[in-house]
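Each reported figure results from applying straightforward, stated rules to the coordinates on display, with no laboratory input. Quick caveat: nothing in here was measured; it's all calculated off a predicted structure. Cβ placement follows ideal geometry from the backbone for every residue including glycine, while neighbour counts extend to all protein chains displayed.
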Amino acid sequence: MSERIGRAKTIEDGIECTFSNFGDDTKPSGAADIPEGRDAIQRDLDRLEEWAPVNLMKFNEAKCKVLHLGQGNPQYQNRMGDEWIESSSGE
């Protein structure tokens, strides 16, 4: 009798934005120039928040920042869990 082993969920499963990973640093990025883009980024942050404890990980919300680029950027606010993410003027 054979046992079926399922594939473990990766951090990118179901995520709409682009990821940059380096060591323990994860940077999701996406365009939020319209409300739909803002909503997609927030959905991805919510998925990351759900993914972390299942995989015995935790995001350090204090180190999370949002970088707003471009003139006329609406500077939408995002949250990680119940905490609003601070804006950053540069990396």
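Per-residue counts of other Cβ atoms within 10 Å, averaged by peptide: what ranking do you get for 77-84, 53-60, highest first?
Peptide ranking by packing, descending: 77-84, 53-60.
If the chain between ASP33 and LEU69 were fully stretched, how many nm would it gain, using 0.36 nm times the residue separation less the Cα-Cα distance?
Result for the pair: 12.0 nm of gain on full extension.
For TRP84, what charge total do you get from the other residues with a beta carbon under 12 Å from its beta carbon, if Lys and Arg give +1 and Asp and Glu give -1?
-2
Given a cut-off of under 8 Å on Cα pairs at least six residues apart, what relative contact order in percent is computed for the stretch 19-91?
Numbers: 59 pairs, mean separation 18.4, N = 73.
Computed over the stretch 19-91, the figure is 25 percent.
Extension gain SER20-ILE85, at 0.36 nm per residue separation less the Cα-Cα distance, in nm?
Once the chain is fully extended between SER20 and ILE85, it gains 21.6 nm.
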